[in-house]
1. What is the order of Leu56, Leu50, fewest Cβ neighbours within 10 Å to most?
2. Report the antiparallel proportion of the DSSP beta bridges in segment 7-86 as a percent, rounded to a multiple of 5.
3. Can you give the angle from 0 to 90° between the axis of helix 74-86 and the longest principal axis of the chain, with both taken from C-alpha atoms, to the nearest 10?
4. Based on the Cβ-Cβ distance of His67 and Glu87, what FRET efficiency does E = 1/(1 + (r/R0)^6) give at R0 = 30 Å, to the nearest 0.05?
5. Plugging the Kirkwood radius over Cα pairs into Stokes-Einstein for the chain, at a temperature of 4 °C and a viscosity of 1.567 mPa s, what D comes out in µm²/s?
6. What order do you get for Lys20, Lys58, Lys86 when you list them from fewest to most C-beta neighbours inside 10 Å?
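Please treat every number below as a calculation from the coordinates, not as lab data. Everything quoted here is computed from the prediction, not taken from an experiment. Cβ: placed from backbone, ideal geometry, glycine included. Neighbour counts: every protein chain shown.
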Amino acid sequence: MPVKFFLVNTLDRVSQDSSKAVMNDRGYDLPCLVDASGRFGRMYSVKKTLPVLVVLDKYGVVREFEHGYHPDFSAPLTNLLEKLVKE
């Protein structure tokens, strides 16, 4: 299974269309999921601290969970993704 990346919009007053417009304006080329109900935010304990990184393996098990911006997270994330691709 290939690695998939998604952005998730957690605002409660957003539509899929308005989310797509923002993505286009900013030049993002990733799928953006809308969590207007907050269901997935609650599932992964996303509160007010953004960004949040959640890495799931191919079975849907959370393998990494980080709140906030981490400037030196590139190497550990690359290592984790390489490991998960091999599994």
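1. Numbers: Leu56 14, Leu50 11.
With the fewest neighbours first, Leu56, Leu50 line up as Leu50, Leu56.
2. Details: 5 of 8 bridges.
Antiparallel: roughly 60 percent of the beta bridges in segment 7-86.
3. Between the helix axis and the principal axis of the chain, the angle is about 70 degrees.
4. Numbers: r = 25 Å, r/R0 = 0.83.
So the FRET efficiency works out to roughly 0.75.
5. Details: Rh = 14.4 Å.
Result for D is 90 µm²/s.
6. Numbers: Lys20 15, Lys58 11, Lys86 6.
Fewest-to-most ranking of Lys20, Lys58, Lys86: Lys86, Lys58, Lys20.
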